[in-house]
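Participant: Please find one structure pasted underneath; my questions will follow.
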Amino acid sequence: MPTKISLYIHIPFCRHRCAYCDFNTYAGQESLIPAYLKALQAEIEQVAVKLNFPHEIGTIFLGGGTPSYLPVEGLREILNTCRRVFPIRDDCEISIEANPGTVHREGLSELRRAGFNRISMGMQSANIHELRLLEREHDPIAVIQAVASARLAGFENLNLDLIFGIPGQTMDSWKKSIHFALDLKPDHLSLYALTIEHGTPFKKWVERGLINVPDDDLAADQYEYACQILEEAGFEHYEISNWALKTGDRSKMCQHNLQYWRYLPYIGVGAGAHGFLENHRTVNVRGIKAYIDRMNFSVEMPFPASSAAEQVGELDLWTQMQEKMMVSLRLLNEGVEAASFAQRFGVELEEVFGDQIARLTRQGLLKWAGSSDQRRLRLTQQAWLLANRVFREFIGLKEPPVFRKNAHSTTTRVP
Ligand code: SF4
């Protein structure tokens, strides 16, 4: 049985850098796009050669940055390279992130013809003042046009991203954004709480008193409002920040992100991309120029890393178990299934995390669900807004005696 793997491709270009953004993306570097695309193809080919076990690609995700800012021809070439070097499943979900201001009808049709079958749009807000504060370049009308164009182009799987907790955003304006988004009939919604990140203009503005830090209580109310309205609108709240339209086969959930949340293997290519494959973590160099140089230089790296990796390390079982708890508890219905945890790691969930589970259950933050042979550990609804507190309980723990004999994680750093 081939291993199902996901493939993440990072596109670190944006027309403008938004004031709150701390993603690995750059504005004003357009002259590097052709060389970057060439380097990406080289990396995809290099990684494919290293995969010497039966595998197939189940999802491909072009994220950024703004992938839709790049010429369609270049994106098509990237997909063609993937098809040439990897076995791709017939039902492969192929997603692209797009900004409403960077897409037009013909370009979207070409993307659809190239093979992209899911599109994720950064709508963020339906309020023009909030969009301007975030330094997003589009306006609400552009979102309507972009969604209509994507539907006409044949995208049957469409996500909208929204942000709550924006300085100055009221409950009323949040409600308007939610209803504006619902009127566009998306298949999926991702709602993120704004965080003020170091090194961003937002951080400086907060320090100078020009904007207020988001109000936690208001953000909590906004989140709870969204939970209620989206449930009524027929969406399944399947991950802390993600909702998918309910369908019999749950096909509107983001299959690519499910792979991360289920702690299953993925390849990451492109500047700053991370990968997790055969118990190894890879981290690529972040800068565009550095990435291109590394791929041109083509230095040999240990499995499964490419020449672009600046770190590659094997994760021991104990580290993997902790990470598994942190990512899979994000899945509100699936949670962590006790039997599959035991099968994967060779130890019972409660044998290693019994104290944490008992404490968090007593605090009303975790609960058991499912039948006795399919027991799942889940966050309680009360914990949805306190999830980081729960995750912290499972990270950085001392190895239990049963695992002390195991090898520790090893990481190779490349100068
Ligand atoms: S468009 Fe997205 S990735 Fe680009 S700068 Fe804005 S928030 Fe960051």
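The values are calculated or read from the model by the stated rules, or taken from the named source; none is laboratory data. Everything numeric here is computed off the predicted structure, so don't read it as measured data. Counting neighbours? That spans all protein chains shown, and the Cβs are built from the backbone with ideal geometry, glycine included. Surface areas here come from the heavy atoms of the whole protein model, side chains and all, with no ligands, DNA or RNA. Shrake-Rupley method; radii C 1.70, N 1.55, O 1.52, S 1.80 Å.
Participant: Principal axis extents for the chain, Cα atoms only, whole Å, descending order, please.
Facilitator: Principal extents (Cα only, largest first): 58, 51, 49 Å.
Participant: Right, something else. In terms of Cα to Cα distance under 25 Å, which lysines are near enough to Lys246, apart from those fewer than 8 places away along the same chain?
Facilitator: Lys4, Lys175, Lys176, Lys185, Lys367
Participant: Can you give the FRET efficiency to the nearest 0.05 for Ser31 and Lys398, using r as the Cβ-Cβ distance and R₀ = 60 Å?
Facilitator: Numbers: r = 50 Å, r/R0 = 0.83.
After rounding, the FRET efficiency stands at 0.75.
Participant: I would also like to ask the following. Sorting Arg105, Arg76 by accessible area (1.4 Å probe), largest first, what list results? Mind dumping the intermediate values first?
Facilitator: On the way: Arg105 110, Arg76 65 Å².
Highest to lowest solvent-accessible surface, that is Arg105, Arg76.
Participant: Here's another thing I want to ask about it. Given points 7 Å out from each Cα along the Cα-Cβ axis, report the Glu232 to His16 separation in nanometres with one decimal.
Facilitator: Calculated label separation equals 3.5 nm.
Participant: Give me the percent relative contact order of the chain, please, defined on Cα pairs under 8 angstrom at least 6 residues apart. It would help to have the intermediate numbers written out before the result.
Facilitator: Details: 738 pairs, mean separation 60.1, N = 415.
Computed over the chain, the figure is 14 percent.
Participant: What do you get for Rg/Rh over region 322-409 if you use C-alpha atoms and the Kirkwood form of Rh? Can you show the working numbers first?
Facilitator: Details: Rg = 12.7 Å, Rh = 13.4 Å.
Rounded to two decimals, Rg/Rh equals 0.95.
Participant: Follow-up. Name the helices (complete DSSP H segments) of the chain with a Cα length along the long axis of 15 Å or more and a Kyte-Doolittle mean of at least 0.5, or state none. Intermediate values should be presented prior to the final figure.
Facilitator: Numbers: long enough: 33-50 (26 Å, 0.42); 72-85 (20 Å, -0.15); 140-153 (20 Å, 1.41); 171-183 (18 Å, -0.44); 216-232 (24 Å, -0.62); 317-328 (16 Å, -0.26); 349-362 (18 Å, -0.23).
Helix filter hits for the chain: 140-153.
Participant: Report, to two decimal places, the Cα Rg of region 33-140 normalised by 2.2 N^0.38 Å (N = number of residues). Walk me through the numbers on the way to the answer.
Facilitator: Values: Rg = 15.9 Å, N = 108, 2.2 N^0.38 = 13.0 Å.
In units of the globular-protein estimate, region 33-140 measures up at 1.22.
Participant: So, one more: If I take all pairs of Cα atoms in region 125-209, what percentage of them are more than 14 Å from each other?
Facilitator: Numbers: 2395 of 3570 pairs.
Here the long-distance tail beyond 14 Å is 67 percent of all Cα pairs in region 125-209.
Participant: Taking the Cβ of Gly74 as the centre, find all other residues whose Cβ is under 13 Å away and add up their charges (Lys, Arg: +1; Asp, Glu: -1). Before the final figure, lay out the partial values.
Facilitator: On the way: positive: Lys38, Arg76; negative: Glu30, Glu73, Glu77, Glu110.
Within the 13 Å Cβ shell, the charges total -2.
Participant: Using a 1.4 Å probe on the protein chains only, how many percent of the accessible area of the chain belongs to carbon and sulfur?
Facilitator: Taking all protein chains in place, the chain shows 51 percent carbon and sulfur surface.
Participant: Using only the alpha carbons of region 196-254, what is the convex hull's orientation-averaged projected area in square nanometres?
Facilitator: Values: hull surface 22.1 nm².
Projected over every direction and averaged, the Cα hull of region 196-254 covers 5.5 nm².
Participant: Keeping all protein chains in place, calculate the accessible area per residue for region 322-409 (probe 1.4 angstrom), answer in Å².
Facilitator: On the way: 4720 Å² over 88 residues.
Heavy-atom accessible area per residue stands at 54 Å².
Participant: So, one more: Let me check I've understood the local charge: for Leu108, count other residues with C-beta under 14 angstrom from its C-beta, Lys and Arg +1, Asp and Glu -1. What total comes out?
Facilitator: Net charge around Leu108: +2.
Participant: Can you tell me the relative contact order of region 59-115? Whole percent, Cα pairs under 8 Å, sequence separation 6 or more. Walk me through the intermediate numbers first.
Facilitator: Details: 43 pairs, mean separation 32.3, N = 57.
Computed value for region 59-115: 57 percent relative contact order.
Participant: Checking a compactness column here: for region 257-415, what do you get for Rg(Cα) / (2.2 N^0.38 Å), N being the number of residues? Before the final figure, lay out the partial values.
Facilitator: Numbers: Rg = 17.9 Å, N = 159, 2.2 N^0.38 = 15.1 Å.
In units of the 2.2 N^0.38 Å rule of thumb, it is 1.18.
Participant: About its Cα centre, what dipole magnitude does the chain give when the only charges are +1 on Lys and Arg Cβ and -1 on Asp and Glu Cβ, stated in debye to the nearest 20? Don't jump to the answer; show the numbers that get you there.
Facilitator: Working: 45 positive and 50 negative charges, 93 e Å.
In total the dipole reaches around 440 debye.
Participant: For region 111-165, what is the Kirkwood estimate of the hydrodynamic radius, computed as the reciprocal of the mean inverse distance between distinct Cα atoms, to one decimal in Å? Write out the running numbers ahead of the final one.
Facilitator: On the way: mean 1/r = 0.0834 Å⁻¹.
For region 111-165, the Kirkwood estimate is 12.0 Å.
Participant: As a test of the formula, what do you get for the chain when each DSSP H run with n ≥ 4 contributes -39,500 (n - 2.57) and the sum is divided by the residue count, at 222 nm and rounded to the nearest 500 deg cm²/dmol? Don't skip to the end; give the middle numbers.
Facilitator: Numbers: 14 runs with 157 residues, N = 415.
Roughly -11500 deg cm²/dmol at 222 nm, from the helical runs in the chain.
Participant: I want to check the label-to-label distance for Lys50 and Gln382. Put each point 7 Å from Cα in the C-beta direction and report it in nm to one decimal.
Facilitator: 4.5
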